[in-house]
């Protein structure tokens, strides 16, 4: 049975919904993924993506909508911006600068992100961050210009971060929370939260869904 808890992230206490046993048959999702056609991802995602089975969103959106209403106070219709199987597979030495830093997926309060972990061994989850210079843990439209101005200045002065995935605290960012990527666990959080995959230095970066960090990522607009 699906279990849901609502917690918070960092000093800003932004909501975090944690589902365990999120899908009734995660094995079927893994089998679908092994037959799917994965292609290089767009929008700075460091890996590959593939289409979901059509039934996935129909099955899971009622739980997502109910949790978002309870945790985020957003009760409007759920618009799917994007959703797909996703596997982190880019070697650390091939990461672009933006992929070596915590990031924001969207800046408006209607946007909610989902990650659903589908690797049976569990492992690498998701980390959330505070930008040290500004203290920001979320970056909405009102903070956007100031945040990126500070970040640009810091990167010009200190140079780009080393070619590695973000793993805990860095000179520019403090890690406020890391959530373990347990099998069939899912998270919901604001897309404006500074976050990153918590990819360990010894992670298996295989694009093969049977071996790599198989997840489902989704992005929603909820009024």
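The values are calculated or read from the model by the stated rules, or taken from the named source; none is laboratory data. What you are looking at is a predicted structure, and each value in this text was computed from that prediction instead of being measured. With ideal geometry, Cβ positions are generated from the backbone for all residues, glycine too; neighbour counts draw on all protein chains shown.
A few comments on the model shown:
- Subset of region 37-55 that is buried (at least 17 other Cβ atoms within 10 Å of the Cβ) and out of contact with any helix residue (DSSP H, G or I) (no Cβ under 7 Å at 6 or more places or on another chain) - its residue that is farthest from residue 192 (Cα to Cα): 38
- When residue 145 is tested against the conditions (1) more than 17 Å from the chain's Cα centre (by Cα); (2) assigned to a loop (DSSP other than H, G, I, E, B); (3) loosely packed, with under 14 Cβ neighbours inside 10 Å, the lone failure is (2).
- Filter result for residue 122 (closer than 29 Å to residue 53 by Cβ, within 18 Å of the chain's Cα centre (by Cα), surrounded by fewer than 21 Cβ atoms within 10 Å (Cβ to Cβ) and in contact (Cβ under 8 Å) with a residue 60 or more places away in the chain): yes
- Just one of the listed residues (98, 63) is surrounded by fewer than 21 Cβ atoms within 10 Å (Cβ to Cβ), in a helix (DSSP H, G or I), touching a strand residue (DSSP E or B) at 6+ places or on another chain (Cβ under 9 Å) and in contact (Cβ under 8 Å) with a residue 24 or more places away in the chain, and it is 63.
Per-residue answers, yes or no, for (1) closer than 25 Å to residue 107 by Cβ; (2) in a loop (DSSP other than H, G, I, E, B); (3) in contact (Cβ under 8 Å) with a residue 12 or more places away in the chain:
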{"position": "151", "(1), (2), (3)": "yes, no, yes"}
{"position": "176", "(1), (2), (3)": "yes, no, yes"}
{"position": "182", "(1), (2), (3)": "no, yes, yes"}
{"position": "199", "(1), (2), (3)": "yes, yes, yes"}
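- Residue, nearest to residue 69 (Cα to Cα), within region 9-24, restricted to residues that are surrounded by fewer than 18 Cβ atoms within 10 Å (Cβ to Cβ) and out of contact with any helix residue (DSSP H, G or I) (no Cβ under 9 Å at 6 or more places or on another chain): 13
- Within the option set 131, 150, 103, being within 11 Å of the chain's Cα centre (by Cα) and at pLDDT 95 or above holds for one residue only, 103.
- Qualifying residue in region 207-215 (condition: over 26 Å from residue 132 (Cα atoms), crowded, with 17+ Cβ neighbours inside 10 Å, in contact (Cβ under 8 Å) with a residue 12 or more places away in the chain and touching a helix residue (DSSP H, G or I) at 6+ places or on another chain (Cβ under 9 Å)): yes
- Boolean, residue 48 is more than 21 Å from residue 208 (Cα to Cα), at pLDDT 95 or above and touching a strand residue (DSSP E or B) at 6+ places or on another chain (Cβ under 9 Å): no
- Residue in region 30-39 that is farther than 28 Å from residue 148 by Cα, assigned to a helix (DSSP H, G or I) and in contact with a strand residue (DSSP E or B) (Cβ under 6 Å, 6 or more places away or on another chain) present: yes
- The one condition in (1) surrounded by 14 or more Cβ atoms within 10 Å (Cβ to Cβ); (2) in contact (Cβ under 8 Å) with a residue 24 or more places away in the chain; (3) not in a strand (DSSP E or B) that residue 83 fails to fulfil: (3)
- Residue count for region 1-36, restricted to those that are under 25 Å from residue 135 (Cα atoms) and modelled with pLDDT under 95: 0
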